[in-house]
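Below: the structure, in structure tokens.
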């Protein structure tokens, strides 16, 4: 992704009125690495065929630090961030009652899971941002898997395969 698109995504995130969403321990079980590899890339829900899009990056922008202990983090770059959007692949309206519950980032045998993200839902769709992901190598690829839940507690899992990690510097 060009730097301009990453910067536009960053600016968009900063302008949101967001809700920080955290899921309790009573939620459904986690998926194993082999189960995550078998999650479909599109799922029908009502009249919509759902899919995902994502922008994934690590920030290597120089910044000032106040303590020497912070210097190593700056040199190694910040953790992975992903802006993920739920899409209707067939042009139908997105179901408004779906929300992300869990997000997994998968690279080979590494599986990172989070239940904390910022979310935004409006007439343009449903987007959410995960932060503080693993410090994976820019230029490498990951799979993104999301568990969605509706107001009745029905869950569905969606995947987005082979997504490149960009570096912002």
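Equivalent-ellipsoid semi-axes (√(5λ), Cα gyration tensor) for the stretch 39-155, whole Å, largest first? Ellipsoid semi-axes (Å, largest first): 32, 15, 13.
Fully extending the segment from residue 33 to residue 66, taken as 0.36 nm per residue of separation minus the present Cα-Cα distance, adds 7.9 nm. With 0.36 nm allotted per residue and the present C-alpha distance subtracted, the residue 47-residue 89 stretch has 14.0 nm of extension available.
None of the figures in this text is laboratory data; all of them are computed from the coordinates on show. Nothing here was measured: the structure is a model prediction, and the numbers come from that model.
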